[in-house]
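Below you'll find the structure, written out as structure tokens, and then a few comments.
No lab work stands behind these numbers, since they all come straight from the coordinates. Values in this document were obtained by computation on a predicted structure and should not be read as measured data. Glycine gets a Cβ as well: all are built from the backbone with ideal geometry, and neighbour counts include every protein chain shown.
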Amino acid sequence: MSSHLTVIEKLTVGKVIGLSDGSGFVRSFSDHPRKIHLSRSEMAEVFSGDKVSVQIVGRDRLGRLKGHIEDVLERAQKKMVGRFFKDVAGGLVRVDDAREHQVVRVSSENADDIKDGQVVIVDILQYPSKKKPASGRIIKVIGEYMTADIQAEIAIHNHGIPDVWTDAVCEEIKLITEDFRDFENRIDLRGTPLITIDGDKARDFDDAVYCSPKPQGGWRLIVAIADVSYFVKTGSSIDTLASQRGNSVYFHNTVIPMLPEVLSNNLCSLLPGKDRFCFACEIHLDDSGQIVRYEFYEAIMNSYARMTYSEVSEILENPVDLRTESLIPPDLATQLDSLNTLCDLLLHRRKERGALNFESQETEMFLDSQGRIEKIRPVIRLRAHEIIEESMLCANYCAAEFLQNRNIPVLYRVHKGPSEERLSSLREFLGSVGLSLAGGDTPQPSDYQNVLVACKDREDASLIQLVLLRSMSRACYQPNNEGHFGLNYSVYVHFTSPIRRYSDLLVHRAVKDALRVSMEVYSGSDFAMEKGEQFRKPSSLEDLGNILSFTERRAEEAARDVASWLKCEFLLDKIGKEVEGVVVGVQSFGLFILMDELFVEGLIHVKALPNDYYYYEDKLQRLIGERSGKVFKLGQRIKAIVSRVDLQRRKIDLTLFRRKRDKKGNKPAA
């Protein structure tokens, strides 16, 4: 260690996370994780994801813990993706990752036929030091930089997403046959008009629903889910790779499925007019929408119709016109009416339960034939979305309660309440805008919901919702049930999407095993004891929960990388354009502005703000000029100019719009 460094604490071990400005931080692996900031010079010898031991040597001018890397314990990257550029020494690969500011040198012999700007994969031969960059060997040319397909491939490599089916998986696929004749031990639901309701572009259909009123009052709801566990056996090559993928990864123009397409898009998918095996949750509810009882069973079904959210919503909104013209079958119209009525009851019970109801604004990108953004539009939440969401929530809750009542080890979907630190920041912010959060040290979801109701008609409602969301913990998978804060459920699992989430497949297996244990116990066998030993031990289940929580985050980050690149490209021809927007994020280094109409975020760097020194108030989410007292805060309306777009770093820079003065130095009249 350098002699000029002052040691503050003993060594800390953690993971390096790169930042877009070239600096980074180490997130410690301790029970109480913390961030230790690394300067650009410290980051010169590591890549994002490396495991290091770091010495805390003080605090920087922003009050952050400052670290010095003592040793690199484990390298996260063996291969890197980037753009190639020739130079006199051969060439270099500029790593294409907003978290990396490294280059990898390659020899001239390895770069003869490669063009400037092409995207390549480079094998790391020597890792970087503070004196020398990394060196490597180009092993693959991916292609030209300016396409959405290439950006997806870059994201896949950068985030380590498995995208190749192994030889063992391919061999197992060959043995799978489309044979649904053996259903002796299944309930036959082929006469029940189950329907799927999905997005326009959906190709894998996990779930189907059926609803009807009961003669004595109340409702019968069937949620039929693709029976993936029938085809994917525990310990098979397909199962092993599915657990490593964790979930399907969706980009705007392609998908990396968790399961081979012969399963995800065909044999497991609940296609219309096709016999398919399913695992059903039949739920009986009273006239108020309260769950009275439920049962799970294996079944065979034949989807009556493949419907989209927009089609269902149109039918419900225009019932007379469509029905009088006989555009939809009467039995389908009747079932949609039943689903619609039950949805009203479930939404009412959700409100009574105190579950949170955020009205966040999502957007959808429309791409042209070249894979470039043509337009970005807000997503309109339709009635059909609510119908499916409430139906799936019912089935997920029933599966969770079923397993918990039988003490079956399983991965729960846990959403914890806010931490003490976040709660303190939230209350200080709410106080600054004239609101308060009840509940003391342990606020309940209903306390959050009361704030949402109180701010509903305010101009800054969307920003207050954003702050409330950011105050909460991230949902995760774990074997220890701690409830779901946002939904205000005491217990919850994911059951309804086994084609695209491995956690759901695990829940299916657990419910099936529990059902078989019950049957065998009734007949007096020792099957229950045998099956009990087959359940995963809590330690291994905990590890699997951590893996699945990680793969979920990995998929989101990869999709976000591609979306950020597409948005940057979308703004390339808008440099110099005047825009208006709202401040949706405040950091010590600047303001994040969501631009009206474009629905894209850009950054006004603190150095681009009016001439002053600005200090950052984290809890109040604002920057204040030391001399001028000028305040920039969350929710503030801003006029700006698009000044720079950096595709490589996926950054959009804005500058404040300033009216030009006349020759006498006066601003023009408003």
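Numerical summary
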item	result
Rg/Rh for segment 79-145, where both radii come from Cα atoms and Rh is the Kirkwood radius	0.93
Label-point separation in nm, ASP646 to GLU144, each point 7 Å along Cα→Cβ	2.6 nm
Residues of segment 540-579 with amide N under 13 Å of the 7 Å Cα→Cβ point at ASP596	578-579
Whole-Å distance, taken between Cα centres, linking segment 18-74 and segment 590-634	26 Å
Hz values of 3J(HN,Hα) by residue in segment 463-478 - Karplus curve (6.51, -1.76, 1.60), Gly and Pro given as x	6, 5, 4, 4, 5, 4, 4, 5, 6, 8, 6, 8, 5, 8, 9, 7
From phi via Karplus (6.51, -1.76, 1.60), per-residue ³J(HN,Hα) for segment 217-225 in Hz, x at Gly/Pro	x, x, 9, 10, 10, 10, 10, 9, 10
Debye, to nearest 20: dipole size of the chain, +1 on Lys, Arg Cβ, -1 on Asp, Glu Cβ	3340 debye
Range of Cα positions in segment 571-656 per principal axis (Å), largest first	37, 21, 21
26 Å Cα-Cα reach of LYS233 towards lysines, excluding residues that sit fewer than 8 places from it in its own chain	LYS174, LYS274, LYS512, LYS531, LYS537
Qualifying lysines (Cα of each under 19 Å from Cα of LYS201; at least 8 residues distant if same chain)	LYS375
Positive-end residue of ALA280, GLN126, HIS494, charge dipole of the chain with Cβ unit charges	GLN126
J(HN,Hα) series, segment 440-453, from Karplus relation 6.51 cos²θ - 1.76 cosθ + 1.60, nearest Hz, glycine and proline x	x, 6, 10, x, 9, x, 5, 5, 5, 4, 4, 5, 4, 5
Cα gyration tensor shape of segment 130-251, rounded if a/c is under 1.5, else prolate or oblate by comparing a/b with b/c	prolate
Computed FRET value (nearest 0.05) for CYS170 with THR341, which takes r as the C-beta separation and R₀ as 60 Å	0.80
Reciprocal of mean inverse Cα separation for segment 420-472 (Kirkwood radius, Å)	11.0 Å
Shape of segment 243-395, Cα gyration tensor, a/c cut at 1.5	rounded
Prolate/oblate/rounded label for segment 330-443 (Cα gyration tensor, a/c 1.5)	oblate
Residues with amide H under 5 Å from that of TYR489, placed H, sequence gap 5 or more	HIS484
Hits among lysines - C-alpha to C-alpha of LYS351 under 28 Å, sequence gap 8 or more where chains match	LYS214, LYS416, LYS456
Mean-position separation - Cα centroids, segment 88-112 and segment 171-232, in angstrom	51 Å
Förster radius 51 Å - calculated FRET efficiency between ILE291 and LYS130 (Cβ-Cβ, nearest 0.05)	0.25
More than 37 Å apart - percent of Cα-Cα pairs taken over the chain	47 percent
Whole-angstrom gap from segment 366-390 to segment 474-496, using each part's C-alpha centre	27 Å
